[in-house]
Amino acid sequence: MSTFVLVPGFWLGAWAWDEVAAPLRAAGHGVHPVSLPGLAERAGEAGEFGLEEHIADLAELLVREDLWDVVVVAHSGASAPVGGLADRMPERIRRVVYLDSGPVVDGGSLYDAWQPDYREAADASVVDGRLPLPPWDVIAAQGASVEGLDEDTLARIRARATPHPAGAYRDRLRLTGAGAALPQALVSCSFPIAQVREMIAAGHPWFVGLDGPNWELRELPTGHWPMFSRPADTAAVLAELAAL
């Protein structure tokens, strides 16, 4: 049996993993869904939360719960804090899984990866240091497909989403390389795995090395939020990767 730490992407909290956590727990796995500081039930916490606070919160979770041999799952924008956690506490981690996301390079930020018009619109939307969930068509234009999500699900996500701390996506990730050799995996959902392989072959700076011996590549065709569109299959692929 494995121990999972499930970290959701922008605007989401631990609640987003409910339908993934249930089958994993039913199979006997330990599951720790996360709400990062400033999000979901923690939205009312005081302070300005940046990437450093999110990394530190994940590290504190591992220590508080005495978690070892952990499979850490980073959905979407959770790639930066999870990458930071793996760099700081590699001895506690069995595998890092990037779910429709990918590793952030040393000195990089998620903000760097956004298209210029999306960055401009996001900057204009920030209120009190936090970015509200944009309209779905704006998100889709950025490449985050809503495939597999019906209107009721989209409405449920929007109703529970909380504005995301701007520092968490603007701050640059600093890495020592301590976690680089960990077993890692990328599960591609909203774009074909062939496209990932093309970026690896082309030497894209954020995809260099993903063809290495410590990497596994998987495809789960759906939209950008597989925990809602294909939760049972998401749980299955995570369990499969944990068993490698």
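The values are calculated or read from the model by the stated rules, or taken from the named source; none is laboratory data. Just so we're clear, the structure is a prediction, and the values are computed from it rather than from any experiment. Glycine gets a Cβ as well: all are built from the backbone with ideal geometry, and neighbour counts include every protein chain shown.
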Open item on the list: Cβ-Cβ under 9 Å, sequence separation 6+ or interchain: first residue in the stretch 106-135 and over 28 Å from Arg174 (Cβ atoms) and among the small types (Gly, Ala, Ser), partner loosely packed, with under 11 Cβ neighbours inside 10 Å and modelled with pLDDT of 95 or more. Which pairs?
Closed with: none
Task: Top-ranked residue in the stretch 143-172 [being assigned to a helix (DSSP H, G or I) and touching a Ser or Thr at 6+ places or on another chain (Cβ under 7 Å); ranked as farthest from Thr234 (Cα to Cα)] - done: Arg170
Open item on the list: Can you confirm whether Gly143 is under 22 Å from Gly50 (Cβ atoms) and not aliphatic (A, V, I, L, M)?
Closed with: no
TODO: Could you list, in sequence order, all residues of the stretch 87-120 that are part of a helix (DSSP H, G or I) and of a type in the set (D, E, K, R)?
DONE: Asp87, Arg88, Glu91, Arg92, Asp112, Asp117, Arg119, Glu120
TODO: Output the residue which, of all residues in the stretch 122-142 that are of a type in the set (A, V, I, L, M, F, W, C) and in a loop (DSSP other than H, G, I, E, B), is surrounded by the most Cβ atoms within 10 Å (Cβ to Cβ).
DONE: Leu133
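Looking at Val82, Val73 in this structure, which one is part of a helix (DSSP H, G or I), over 19 Å from Gly129 (Cβ atoms) and under 16 Å from the mean Cα position of the chain (by Cα)?
Val82
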